[in-house]
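Everything on this sheet refers to the single structure shown next.
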Amino acid sequence: MQHNPASLDLDALRSAQLQHSPCDFVVVPRFVRPEAFDAIYNDYPEIQQAGNFIPQDLQYGKAFSAFLEDLNSTQLKEVFAEKFGMDLTPNPLQLTVRKYSELSDGNVHNDSKTKLLTTLVYLNKEWKHPDGRLRLLNNSWNIEDYVAKVEPANGTLITFRRSEKSFHGFKKMQGERRSIQMYYVKPKRKHKDDASPIGLKRQLKRILKLRPRWLGMKK
């Protein structure tokens, strides 16, 4: 049986106008259905610090777990593919969760070329801070020269195709700023030495290097 992404308004995404300058993008207010939003908000992971975290390293409730399943669904991927005219079949999804922003965040940047399609979903109930709204920019040097400014609240979605002009950022703020970051990325090439003793040793070193960060997140 096909999964039904009940927390997402796929029809709103289908009908949203695709903009083409400075890159292909779409904004969908209340993409997370209002009737599902509160439960997802209440089951949000107990993150205590700034940074992006993969769901596997977090603890959260059932409603948030179901929400992640919806974001990973084939149906959503197909709607994105249709909306942007892309074949995303071979492209895996990377997803991270964030709860807090610090003053070092928000710098104007462009995503790496490994990312084909970027989506941000905002899960704050309201937004009273004067800054912290994502801006899709016309260039890499002037954050005031923007085409779209997105309030990070109420389940709003912004999705854009990575290009040489897809610069984005937000004016710096410190505090709670809940968001999901999603990227459909180029498939990784299998390296010959991944299964070799040297390759396995390299992977183990990466795990041990990250381990203190994981331990610091756990209660």
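Of the residues making up region 28-54, just one is in a strand (DSSP E or B), more than 12 Å from Lys83 (Cβ to Cβ) and touching a strand residue (DSSP E or B) at 6+ places or on another chain (Cβ under 6 Å), namely Phe53. Scanning for something within 21 Å of Ser101 (Cα to Cα), of a type outside the set (A, V, I, L, M, F, W, C) and in the same structural domain as Lys149 (by TED's automatic domain parsing), does region 12-20 turn up at least one residue? No, region 12-20 contains no residue that is within 21 Å of Ser101 (Cα to Cα), of a type outside the set (A, V, I, L, M, F, W, C) and in the same structural domain as Lys149 (by TED's automatic domain parsing). Restricting attention to region 30-79 and to residues that are touching a helix residue (DSSP H, G or I) at 6+ places or on another chain (Cβ under 8 Å) and closer than 23 Å to Leu136 by Cα, the residue that is surrounded by the fewest Cβ atoms within 10 Å (Cβ to Cβ) turns out to be Arg30. For first residues located in region 144-164 and without any contact (Cβ under 8 Å) to a residue 24 or more places away in the chain, partners that are part of a strand (DSSP E or B) and lie 6+ apart or on another chain with Cβ distances below 7 Å form the pairs Asp145/Leu137; Tyr146/Arg135; Tyr146/Leu136; Tyr146/Leu137; Lys149/Arg135. If the condition is being among the basic types (Lys, Arg) and in contact with a Ser or Thr (Cβ under 6 Å, 6 or more places away or on another chain), then region 63-121 contributes only Arg98. Restricting to region 113-159, what's the tally of residues that are more than 17 Å from Ala12 (Cα to Cα) and polar (S, T, N, Q)? Of the residues in that region, 7 qualify. The single condition among (1) over 26 Å from Glu176 (Cβ atoms); (2) part of a strand (DSSP E or B) that Pro22 does not satisfy is (2).
The values are calculated or read from the model by the stated rules, or taken from the named source; none is laboratory data. Bear in mind the structure is a predicted one, so any value in this text is a computation, not a measurement. Reconstructed Cβ throughout: ideal geometry from the backbone, glycine too, with neighbour counts over all protein chains shown.
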